[in-house]
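Encoded as structure tokens, the structure appears first; notes follow it.
A short reminder: the numbers here are calculations on the coordinates, not readings from a lab. What you see is a predicted model; the values in this text were computed from it and never measured. Please note: Cβ atoms are built from the backbone with ideal geometry, for glycine as well, and neighbour counts cover all protein chains shown.
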Amino acid sequence: QVQLVESGGGLVQAGGSLRLTCAASKIISSYNVMRWYRQAPGKQRELVAAVTSGGATNYADSVKGRFTVSRDNAKNTMYLQMNSLKPEDTAVYYCNLVDLENTYWGQGTQVTVSS
């Protein structure tokens with residue numbers, strides 16, 4: 001079983017930055033994809049960014065140019081650097097890991113951007 005723990009959320013003013021971290025307790029398969037999702041009140045959970053174990057990345061259009069996803073495979077950790085934050089980025093951010101057999105979720109971390 002893999003546990004995912006997110007950290008780094010908080011309250012920031014519009015235009016500010018935050019860095020989220022997702023630490024996995026272990027990685028079972030060498031090929032996997034880690035993703036950041038977010039869910040705002042009253043809205044569906046949406047994909048924000050993804051990074052494969054090989055380092056390939058992709059982003060939602062709404063965060064391109066502002067957010068950067070990365071990972072440190074040696075530490076089983078994924079990061080999300082969020083710059084130029086907007087009030088519409090306010091949400092609970094969830095870490096997700098998919099390997100060859102299972103899907104895992106973290107408990108989420110709240111990001112609140114004030115205008």
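From GLY108, GLY65, which residue is at positive phi and touching a strand residue (DSSP E or B) at 6+ places or on another chain (Cβ under 6 Å)?
Numbers: GLY65 fails: touching a strand residue (DSSP E or B) at 6+ places or on another chain (Cβ under 6 Å).
Step by step, each of GLY108, GLY65 is checked, and only GLY108 is at positive phi and touching a strand residue (DSSP E or B) at 6+ places or on another chain (Cβ under 6 Å).
Among the numbered criteria (1) in contact with an Asp or Glu (Cβ under 8 Å, 6 or more places away or on another chain); (2) more than 20 Å from VAL92 (Cβ to Cβ), which single criterion is violated by TYR37?
Going through (1) in contact with an Asp or Glu (Cβ under 8 Å, 6 or more places away or on another chain); (2) more than 20 Å from VAL92 (Cβ to Cβ) one by one, TYR37 breaks only (2).
Checking the conditions here, which among SER30, SER70, SER114 is in contact with a helix residue (DSSP H, G or I) (Cβ under 8 Å, 6 or more places away or on another chain), among the hydroxyl-bearing types (Ser, Thr, Tyr) and more than 13 Å from VAL2 (Cβ to Cβ)?
The unique qualifying residue is SER114.
Taking region 12-48, which residues are of a type in the set (A, V, I, L, M, F, W, C) and over 18 Å from LYS75 (Cβ atoms)?
VAL12, ALA14, LEU18, ALA40, LEU47, VAL48
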